[in-house]
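The values are calculated or read from the model by the stated rules, or taken from the named source; none is laboratory data. Small disclaimer: the values here were computed from a predicted structure and weren't measured. So basically every Cβ, Gly included, is an ideal-geometry build from the backbone, and we count neighbours across all protein chains shown.
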Amino acid sequence: MAAPPAWLASSVTLTTGLVASSGLGLVFHLLAARWLEPAGYGAFSAALTYATVWATLMEGGTSAVLTREASADPARLGWARRLGLWKLGLTVAGVAGAAGSAWVIGFDPPVPGLVLILALGLGGFGAMRLGWAVLRAVGAFRWEAATGVVQKLLLLGFLAVAGLWPAQPATVAAAFAASYVVGAVVLLGPAWGPVRRAGAARPPALSVLWTRCAPLALVELLTNLYFRVDQVMLVALRGAAETGLYGAAYRVLQATQLPVSGIMTAVFPRLAAAAHGPAEGYAAHFVPAWRLVWVLGLGLAMNGWLWAADLVAVVFGAAYEGARGPLRLLLLAVPLLHLNALLTQSLVARGRDGFYAAGAAGCAVVNVAVNGALIPAWGAVGAAWATLVTEVALGAVCLWGLRPMLPLVPLAPTALAAAGALLATGAGLLLLPDAPAMRVAIGIVAWLVLWEAMGPWPLRRAAGP
C-alpha cells in the first residue's frame, strides 16, 4: 500500500481546527436562531449573505494568489506587504459599496444597517485570510487552525455580552463583526514572522491585480453569488421566515464541508507546486484526494438522509421543522460539493483562472435562473434544487476544463461507491422507517464499507501482515 502523502497530516490538523471552530460557529448560529426566532434570524442571515458577496471585492483574489505564488517561490512571501496595502483599499471600497447598495436597493429594515455592521467585520475576516495565506505557503497549518478557533471563542464571548441587551439582529451582527476584527489582530503576530524573513520582494507591478488577482476575485464573486443569492432572493420573494428555514438547512450543509475544506487547504500548495511537473507527481496528490473527498461526501450525504435530517427540529427548535425538506435536497449536493472543491482548486493550481472564471459565470447564470423560476412557487425547496443543479453544472465545467487529467480519474470506483451509498440509503429508509437506531447503524456500517472499497488507504491493508 502506498504511503499517505505528506499533506494528509496537515489536512487532519486543519480539519480538526475547522471542526472545532465551525462547531463553535454552529453554536453561535443555533443560539442566534433561537434568540432571534425565524424572522429576526432570517434578516440577519440575509444581511450576512449580502455582505459576504461584497466581501469578495475586499478580498480581490489576493490570498489565493499569495499562497499559489509563494508555494512556487518562497521569496514571494514578501508580496504580502504590498498586497496588504492593496487589500486595505479594496476593503474600504467594499464596505462602502455593501452599505450604499443595500440602502439603494431598499431592503426592509433592519437589513441595510446589518449589512454595514457585518461588512466591517468581514473586512477583518479578509485580513485573517491574508494571514492564513502566508501560513499555508510555509506549512504552518497549526497556527491557522488555532487562530480560527480563537476567533470563534471570541464570537461566543461577544454574543454572551450581546445577550445582556434585548434580542435584536443588530447586537448579534456587532458580536460577529467584533470577533473578526480582534481575530485579525491576534493573527498578525504569527503571520508577520515569515513575511519579515522573506525580505522586501514586491509584486512586479500594480498590473498583478488585473492579471493574477482579478480572475480569482471574479471566480470568488461568482461563486458567492450562486452560493448565496438564493437567500437574498428568498427574503425578497418569500419573506424573512422562509429565509430563516433555508438558512438553518444551509448551516448544516456548510458543516458537511468542513472535512473537504481542511483537505483542500492542505493539498492546494502541493497541487500548485506539482502542476507544471511530471504527470506522476501531480497524480500522487490528485488521485488520493479524489478518492478521499468522494468517500467522505457520500458518507455524509448517506447518513444525513438516514437519520441526521430528522434532528433539525431538535437542534434548531420546533419552529424549524420546515427546514427538513430543503435539507434533504441540499444533502444530495454534498458529494458534488466535495469533488468540485478538488476540481476547482486543480484549475487554479494549473493556472486556468480564466476558464474557471468563465465557467463560474455560466454557473451563476444557471443558479439565478433556476432560483428565479422555483423560489416564487416552492420557496426554500426551490432554492435547494437550484443549489443541486448548479453543482452538477459546475462539475461538468470543471471536468471539461481538466480534460487532459481525465485518465487520472478513478471513474469505475467512483460510480460503484455512489451506487452502494444509494442502495444503503434506500434500504434503510424503506425497510426501517420506524427504527432510527438501526438506520444510524446502517449509515455507519455502510460508510465503513465504502471506505474499504474506495478509500485511498483502506483499514484492511493497514492491518495486514
Return the only residue of 392, 366, 381, 314 being in a helix (DSSP H, G or I) and farther than 30 Å from residue 440 by Cβ. 366
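Identify, please: which residue in the stretch 407-416 is of a type outside the set (S, T, N, Q) and part of a helix (DSSP H, G or I) and is, among those, surrounded by the most Cβ atoms within 10 Å (Cβ to Cβ)?
Ranking the candidates gives 413 first.
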When the stretch 332-348 is checked residue by residue, the ones that are in contact (Cβ under 8 Å) with a residue 60 or more places away in the chain and farther than 15 Å from residue 266 by Cα are 333, 334, 335, 337
In the list 248, 273, 255, which residue meets the criterion of being under 24 Å from residue 148 (Cα atoms) and either of a type in the set (S, T, N, Q) or surrounded by fewer than 23 Cβ atoms within 10 Å (Cβ to Cβ) (or both)? 255
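A quick yes/no check of all residues on (1) at pLDDT 95 or above; (2) in contact with an Asp or Glu (Cβ under 6 Å, 6 or more places away or on another chain); (3) assigned to a helix (DSSP H, G or I); (4) within 19 Å of residue 56 (Cα to Cα):
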site	(1), (2), (3), (4)
109	no, no, no, no
112	no, no, yes, yes
130	no, no, yes, yes
139	no, no, no, no
145	no, no, yes, no
149	no, no, yes, no
Mind telling me which of the residues 120, 57 ends up being assigned to a helix (DSSP H, G or I), under 22 Å from the mean Cα position of the chain (by Cα), hydrophobic (A, V, I, L, M, F, W, C) and modelled with pLDDT of 95 or more? 120
Pick from the stretch 60-84 the residues that are assigned to a helix (DSSP H, G or I) and more than 26 Å from the chain's Cα centre (by Cα): which of them is surrounded by the fewest Cβ atoms within 10 Å (Cβ to Cβ)? 75
Determine the pairs where a residue that is within 10 Å of residue 180 (Cα to Cα) and outside the structural domain of residue 52 (by TED's automatic domain parsing), located within the stretch 118-131, has a partner that is surrounded by fewer than 23 Cβ atoms within 10 Å (Cβ to Cβ) and among the hydrophobic types (A, V, I, L, M, F, W, C) with Cβ atoms under 9 Å apart, the partner being 6 or more residues away or on another chain. none
Residue check: is residue 401 over 27 Å from residue 306 (Cβ atoms) and touching a Gly at 6+ places or on another chain (Cβ under 7 Å)? yes
Can you tell me how many residues within the stretch 310-333 are modelled with pLDDT of 90 or more and either farther than 30 Å from residue 363 by Cα or surrounded by 23 or more Cβ atoms within 10 Å (Cβ to Cβ) (or both)? 4
Return the total of residues in the stretch 401-418 being under 18 Å from residue 361 (Cβ atoms) and either without any contact (Cβ under 8 Å) to a residue 24 or more places away in the chain or more than 25 Å from the chain's Cα centre (by Cα) (or both). 0
Matching residues in the stretch 364-406 - criterion: being buried (at least 17 other Cβ atoms within 10 Å of the Cβ), touching a Leu at 6+ places or on another chain (Cβ under 7 Å) and β-branched (Val, Ile, Thr): 375, 381, 387
If you check residue 135 against the conditions, is it closer than 30 Å to residue 17 by Cα, free of Cβ contacts under 8 Å to residues at least 60 places away in the same chain and either touching a Phe, Trp or Tyr at 6+ places or on another chain (Cβ under 8 Å) or not assigned by TED's automatic domain parsing to the domain that holds residue 175 (or both)? yes
Being modelled with pLDDT under 85 and touching a Gly at 6+ places or on another chain (Cβ under 6 Å) narrows it down to one residue among 247, 199; which is it? 199
Among the residues of the stretch 425-440, is there at least one that is in the same structural domain as residue 342 (by TED's automatic domain parsing), part of a helix (DSSP H, G or I), surrounded by 17 or more Cβ atoms within 10 Å (Cβ to Cβ) and basic (Lys, Arg)? yes
The lone exception for residue 211 - which of (1) farther than 26 Å from residue 343 by Cα; (2) over 20 Å from the mean Cα position of the chain (by Cα) it fails: (1)
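Has the stretch 248-268 got at least one residue that is under 16 Å from the mean Cα position of the chain (by Cα), basic (Lys, Arg), assigned to a helix (DSSP H, G or I) and over 23 Å from residue 362 (Cα atoms)? Can you show your working first?
Initial filter on the stretch 248-268 (under 16 Å from the mean Cα position of the chain (by Cα)): 248-268.
Next, from what is left, pick out any that are basic (Lys, Arg): 251.
Subset that is assigned to a helix (DSSP H, G or I): 251.
Those left that are additionally over 23 Å from residue 362 (Cα atoms): 251.
The answer is yes, given that some residue of the stretch 248-268 is under 16 Å from the mean Cα position of the chain (by Cα), basic (Lys, Arg), assigned to a helix (DSSP H, G or I) and over 23 Å from residue 362 (Cα atoms).
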Failed item, numbered, when residue 296 is tested on (1) part of a loop (DSSP other than H, G, I, E, B); (2) under 17 Å from residue 345 (Cβ atoms): (1)
Give just the number: which of (1) at pLDDT below 85; (2) touching a Gly at 6+ places or on another chain (Cβ under 8 Å); (3) among the charged types (D, E, K, R) does residue 238 not satisfy? (1)
